[in-house]
Each structure stands twice: as C-alpha cells, then as structure tokens.
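Before any comments, here is the structure.
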Amino acid sequence: QVQLVESGGGLVQAGGSLRLSCAVSGTPFSTLGMAWFRQAPGKEREFVAVVTWTSVTRLADSVKGRYAVSRDNAVNTVYLQMNKLKPEDTAVYYCAAQNYGGLSRGTTDYTYWGQGTQVTVSS
C-alpha cells in the first residue's frame, strides 16, 4: 500500500519560512515523480512544484524565487522549502506522486496523494 505522509505545516507570520516534508512508503521512491499542490478555502487545488524522478524541478510562477523543491532518495522524502511567505500562501498543501512522473502540473496526472498539511500565514 502506497502512503504519502506530509508534515511541517503550521502557523507563521508573513515573511517567515516553513519546510514541508512528504515521506513515501510502499513503493520504490526513486522512480516517482513528486509534486506539491495546494488548496485554499473555496478555491481549486493548484500546482505549486514538481521534482521528477530524474530530479528536474519546476515551480509555479506564483512561488518562484520564494519556494524550492527537492528530494532525498535515501530517506524516501520530498521537501518543499517555503520562504518569504505571504498570507495568500495560506492553504492545505498536498504532496502527490506518479510513477516515472515528469513535469506534470495537473492533478489528474498523479496517482498517489497525501492527506495534506495546513499552512497558515498571518499578516
């Protein structure tokens, strides 16, 4: 059974930083493309970042220069470093996975999903 477990969310002031982690089990991690999405109340789930199984990365325009995505195959974990946080970054953040995933930004491109972690940025 494939499991994705996010952690690291919380409450932070505007301008602060958080690092999210997503630990994967139940499937070989090194061949997974891993992505982060977020969903704010009343809005659709949107793409944030992706790191392919070959470690190529892409970020959404709204987070470029502030966020970074990385992976550590030794511990089956993908990370999302979030800096210079803004109130509009407030959302539930989800990690998602797809076997041999590329730079996909659509939710339907991903097979496996975590339960999400809340990030709240106060002004």
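The values are calculated or read from the model by the stated rules, or taken from the named source; none is laboratory data. These numbers were taken from a predicted model, which means no experiment stands behind them. As a convention, Cβ positions derive from the backbone with ideal geometry for all residues, glycine included, and neighbour counts pool all protein chains shown. With ligands, DNA and RNA removed, areas are computed over all heavy atoms of the protein, side chains included. Shrake-Rupley method; radii C 1.70, N 1.55, O 1.52, S 1.80 Å.
Once you charge only the Cβ atoms, +1 for Lys and Arg and -1 for Asp and Glu, what is the size of the charge dipole of the stretch 1-102 about its Cα centre, to the nearest 20 debye? Don't skip to the end; give the middle numbers.
On the way: 10 positive and 7 negative charges, 38 e Å.
The dipole magnitude comes to about 180 debye.
Of the accessible area of the stretch 29-107, with the probe set at 1.4 angstrom, what percent is carbon plus sulfur?
Numbers: 1700 of 3670 Å².
That share works out to 46 percent.
Sorted on the mean count of surrounding Cβ atoms within 10 Å across their residues, most packed first, peptides 88-100, 38-50 read 88-100, 38-50. For the stretch 26-109, the pair-distance distribution built from all alpha carbon pairs, in bins 10 Å wide starting at 0, is 19, 52, 26, 3 percent. Each residue of the stretch 96-106 is assigned a 3J(HN,Hα), and the resulting list reads 9, 9, 8, 4, 6, x, x, 8, 6, 10, x Hz, derived from the Karplus form 6.51 cos²θ - 1.76 cosθ + 1.60 (θ = phi - 60°), x at Gly and Pro. Rolling a 1.4 angstrom probe over the protein heavy atoms with all chains in place gives the stretch 1-118 an accessible area of 50 Å² per residue.
For the stretch 56-123 versus the stretch 1-52, the spacing of their alpha-carbon centroids is 4 Å. For Gln13, project a label point 7 Å along Cα to C-beta. Then give me every residue of the stretch 83-122 with its amide nitrogen under 17 Å of that point. Counting backbone N atoms under 17 Å from the label point, the list is 83-88, 120-122.
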